Amino acid sequence: MYLSTLLSAPTAVDTFEPIAKWLTIGLVAAALLTGIVLFFVKKETFPRYVKYAVFGLVVYLLAIAVAFFVLDIVKHSSNEYIEENGLNKQSLISFMLVPLLCLSCAILVSLVAFALTNKYKPDKCKLVGFICGGVCLVFLAATIALLAVYYNKEIANNEYYNSDAYSVKQLALYLGAILAIAVIFALAILDKEKLTFDAHTLAYAGICVSMSFALSYIKLWDMPQGGSVTLVSFLPIMLFSYLFGTKRGVFVGFAYGVLQAVQDPWIIHPAQFLLDYPVAFACAGLAGLLRPVKKLENLSQAQFGIGALIAGTMRFACHVLSGVFAFESYASGQNVWLYSLAYNSYVFIDVALVIVAGVFVLSSKSFIKAVIRPTNTNQ
């Protein structure tokens, strides 16, 4: 009886979420407690324990990510979900879910193709990278175009989002998205490392994206109109950026943002899609911004903490712009800027948790020895 409920759509993912949440919290707590005991009782085995504990956590989160991804697709294409939210099933699948899935697959296939090329035909990496990048851009442009069609078909004449009192401000949304992209690009180019991915870097990128995707379902609490405070879901992406550089971090964060759109596709406008998903999550890549600063090279925790705060602030700005220009109706007559600023301030709770966890991780010499130092040899 319970198993049939767990596997039914659209309740499967909602039923599975609390199970995964408490199971993950329990496993992390048990791992930390075991590590503390080993550190004081049998210190010589502690480094080996850290290595195996990290590996086990990665495998567990990869499994959770795959399970949630499948359950989310089932949920958002189910008749119950579509009827509950007053959506048109054919339009939702044709103009939103399918394009987002195709874009996600294009990014993943491109990463695999580049990794294989780097391993077996390294002299062709530049050509393959150019082709894969072009393909991904084409899929992104097609996705945005189809979202624009979806907006005009389903949202443009929707009285809730567009009425005499409220409206979706399209020009402002596009300008806001362009401004956010320009700021992220300007900050990313401060990183002197080239935007290259070898097989080793891609492996870590895939692992970090999968871990972040899985952790994003471990919600400490949900916001009433979208968004949630999670169990440090940004931490893997931010650590990746800190280890491999801002340019790579922004790229990986952008890919992660597309997956987030598949997870929670509350999209009413193509520019709002950019601001709330790929661009907002690309901001996580800015966590490595201060890594090259020589004056702070011996203060890794400070580098990461300040970088994470910058990344979180940029993500906050993206959500605020989306809230002001796309979701004015949610303010219900209040000052829309103050409402959006207050509502999206939950982002800083997420950031604070990530900073605490990141500082803790970077203060562990055993973790640095097992994970961070090997990655640095490939930069």
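No value in this document is a laboratory result; all are computed from the given coordinates. Being a predicted model, the structure only gives us computed values, none of them experimental. So basically every Cβ, Gly included, is an ideal-geometry build from the backbone, and we count neighbours across all protein chains shown.
Helix 98-120 versus the longest principal axis of the chain: what angle, 0 to 90°, nearest 10, using Cα atoms?
Computed tilt is about 30 degrees.
In the structure displayed, which of LYS194/LYS295; LYS75/LYS153; LYS247/LYS295; LYS75/LYS124; LYS247/LYS294 lie more than 29 Å apart, Cα to Cα?
Numbers: LYS194/LYS295 22 Å; LYS75/LYS153 22 Å; LYS247/LYS295 21 Å; LYS75/LYS124 41 Å; LYS247/LYS294 18 Å.
Going by Cα-Cα distance, LYS75/LYS124 fall outside the 29 Å limit.
Name the residue from GLY56, PRO270, CYS125 whose Cα lies farthest towards the positive end of the charge dipole of the chain, charges +1 on Cβ of Lys and Arg and -1 on Cβ of Asp and Glu.
CYS125
Å³ per residue of the Cα convex hull, for the chain? Please report the intermediate quantities before stating the final value.
Details: hull volume 56.1 nm³, N = 379.
With only Cα atoms used, the chain gives 148 Å³ per residue.
Angle, helix 346-362 long axis vs. longest principal axis of the chain, Cα atoms, 0 to 90°, nearest 10?
Its long axis makes an angle of about 10 degrees.
Just want the ordering: CYS102, CYS283, from fewest to most Cβ atoms lying within 10 Å of their own Cβ. Can you show the working numbers first?
Details: CYS102 14, CYS283 31.
The most exposed by this proxy come first: CYS102, CYS283.
Which of these, THR117, THR143, THR246, has the largest mean-square fluctuation under a Gaussian network model of the chain (Cα springs below 10 Å)?
Maximum among the listed residues: THR117.
Could you work out the longest stretch of the chain that avoids the trypsin sites (Lys or Arg not before Pro) located in DSSP loops with at most 10 other Cβ atoms within 10 Å?
Of all site-free stretches, the longest is 195-379.
For segment 1-138, what is Rg from Cα atoms divided by 2.2 N^0.38 Å, rounded to two decimals?
Values: Rg = 21.4 Å, N = 138, 2.2 N^0.38 = 14.3 Å.
Expressed relative to 2.2 N^0.38 Å, the Cα Rg reads 1.50.
Straight distance only, please: which lysines reach the Cα of LYS43 with their own Cα at less than 26 Å, same-chain residues fewer than 8 apart left out?
LYS51, LYS365, LYS369
So what's the angle, to the nearest 10 degrees on a 0 to 90 scale, between helix 170-188 and the longest Cα principal axis of the chain?
With both axes taken from Cα atoms, the answer is about 10 degrees.
Would you mind classifying segment 129-263 by shape? Square roots of the alpha carbon gyration tensor eigenvalues, ordered a ≥ b ≥ c; an a/c under 1.5 is rounded, otherwise it is prolate if a/b is larger than b/c and oblate if not. Don't jump to the answer; show the numbers that get you there.
On the way: a/c = 2.06, a/b = 1.48, b/c = 1.39.
Verdict is prolate for segment 129-263.
Tell me the relative contact order for the chain as a rounded percent, counting alpha carbon contacts under 8 Å between residues six or more apart.
Once divided by the residue count of the chain, the mean separation gives 18 percent.
Let me have the 222 nm mean residue ellipticity of the chain computed from DSSP H runs of 4+ only, each contributing -39500 (n - 2.57), with the sum over all residues rounded to the nearest 500.
About -22500 deg cm²/dmol.
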